[in-house]
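Notes for the one structure printed next.
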Number of protein chains: 4
Amino acid sequence: MTTTQARTEPDHAHGTEPSADAPAAPAAAGHHGPHGYSAQKDAHLKRLRRIEGQIRGLQRMVDEDVYCIDVLTQVSAGTKALQSFALSLLEEHLRHCVAAAAEEGGAELDAKVAEATAAIARLLRS
Amino acid sequence: MTTTQARTEPDHAHGTEPSADAPAAPAAAGHHGPHGYSAQKDAHLKRLRRIEGQIRGLQRMVDEDVYCIDVLTQVSAGTKALQSFALSLLEEHLRHCVAAAAEEGGAELDAKVAEATAAIARLLRS
Amino acid sequence: MTTTQARTEPDHAHGTEPSADAPAAPAAAGHHGPHGYSAQKDAHLKRLRRIEGQIRGLQRMVDEDVYCIDVLTQVSAGTKALQSFALSLLEEHLRHCVAAAAEEGGAELDAKVAEATAAIARLLRS
Amino acid sequence: MTTTQARTEPDHAHGTEPSADAPAAPAAAGHHGPHGYSAQKDAHLKRLRRIEGQIRGLQRMVDEDVYCIDVLTQVSAGTKALQSFALSLLEEHLRHCVAAAAEEGGAELDAKVAEATAAIARLLRS
């Protein structure tokens, strides 16, 4: 559906200049600065690698003819892990992008909120 | 679980006066001014009354021994309608409360975003 | 969406007389004999009335401007109750209709299983 | 969709000795006989490998800082693919295991149906 355009959100500051963005922003580091975002990114990648391991585990189970109910239990665990990854992405998105749009207000905010809501709707329906 | 404390969100203006809503809007505007929110509220109530009708329809179906697969189809429709109601509430919440919190920034924003994320997680798990 | 054709499942006896329920039981016991099914039906109706009460509770909450996150929590509870009702219907369906079809085997079983799977898919997507 | 083998995986055996497993197994065919199940198994493995590819795609997206909404869209696609895999497993399970239990009837059927329903409940909640 969407592609790999890296950085599609260049205008909605992820706090390169925190002072302008966030009245009280204490620590400064941007959302993908050397600290904050990188740490998040590592956490995301770690999570995804664990999910990849779960999917490979499922392949082994199918390959070894494990009882289908047990396979289904693992599928539920994988789905839950994916949803949980989605929630952490979403939380980050609300905190940074939606909040940044709020400062611009008006149409910009409406667009970001509509976009986030549509993403949540897709998660709910999947 | 939750109770009926009306107006738990007094500080996060809901935009009766968009101009005042801007960056610094610290003041006043109620959560359902004469325009915006009232219209929304009527729409919400209308939606909920339709869902109530769907639930009563389900009772009739069970009472008349309708084939269970057909009852299940109606249950899915009711669930979908509830989820869709939830999404419209959530969109409103992001647009108003989260955006207002963004203006205060810091801890206030973090708290609102965490709260919204937890609500989305509950929807995903239900 | 679906309609009210009561008794679409006339051939798949619902066990008032388990012995007669066996392979050939074509006619026999109705889908809600004096015991088994009636009790189930009362339980279903009771559950649905409780859900109807939850939906009315939601209307009150919206009407009293309860904080949206609290309304969302109640929506999740309502959705969960509907899903749980669906699961109990489904369990009954598998136990009676799918099992009866299993005795006929072949195309009849395939059709019932495909139908049940489609119903589960709708629940998952709602 | 699925075919053949009567009596798959009777007592959660993962099919080591089908004949010992299934007292009444009419046709004998094992749970992964040379035809039916193998084909299914290949289809399952192929599906899972595609899902594994989706998860790796997600890692790339995160690594390249793709806009979070686009990542979320891909998460939804992955979740949907997992659910769809689960549904095909479940359909197979109902057609084979639940149907086989139906022939034994009574407690055996009740146990299988309760087990399948619990698996469906886990899918719904994940």
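The values are calculated or read from the model by the stated rules, or taken from the named source; none is laboratory data. As the structure is a prediction and not an experimental result, all values here were calculated from the model. Please note: Cβ atoms are built from the backbone with ideal geometry, for glycine as well, and neighbour counts cover all protein chains shown. SASA here: full protein model, heavy atoms, side chains in, ligands and nucleic acids out. Shrake-Rupley method; radii C 1.70, N 1.55, O 1.52, S 1.80 Å.
Observations
- Pairs where the first residue, in the stretch A:100-115, is closer than 20 Å to B:G105 by Cβ and the second is at pLDDT 90 or above and loosely packed, with under 14 Cβ neighbours inside 10 Å, C-beta under 8 Å, 6+ apart: A:A101/A:A111
- Flag not set for A:D63, criterion: closer than 24 Å to D:Q54 by Cβ, under 15 Å from the mean Cα position of the chain (by Cα) and open to solvent by 50 Å² or more (accessible area, probe 1.4 Å).
- Within the set A:R50, A:R125, the sole residue that is free of Cβ contacts under 8 Å to residues at least 24 places away in the same chain and closer than 22 Å to D:L58 by Cβ turns out to be A:R125.
- Being in contact with a Cys (Cβ under 8 Å, 6 or more places away or on another chain), modelled with pLDDT of 95 or more and on the phi < 0 side of the Ramachandran plot holds for only one residue in D:L89, D:L82, and it is D:L89.
- The stretch B:84-103, subset open to solvent by less than 10 Å² (accessible area, probe 1.4 Å) and at the interface with chain A (Cβ under 9 Å from one of its Cβ atoms), residue farthest from the chain's Cα centre (by Cα): B:A102
- Residue-level check: of (1) of a type in the set (A, V, I, L, M, F, W, C); (2) at pLDDT below 95; (3) over 19 Å from the mean Cα position of the chain (by Cα); (4) crowded, with 18+ Cβ neighbours inside 10 Å, A:A107 misses just (4).
- Picking from residues in the stretch A:67-83 that are without any contact (Cβ under 8 Å) to a residue 24 or more places away in the chain and either within 17 Å of the chain's Cα centre (by Cα) or at the interface with chain B (Cβ under 9 Å from one of its Cβ atoms) (or both), the one that is farthest from D:E52 (Cα to Cα) is A:K80.
- In the stretch C:115-126, the count of residues that are more than 26 Å from B:S38 (Cβ to Cβ), more than 7 Å from chain B (Cβ to nearest Cβ) and more than 16 Å from the chain's Cα centre (by Cα) is one or more.
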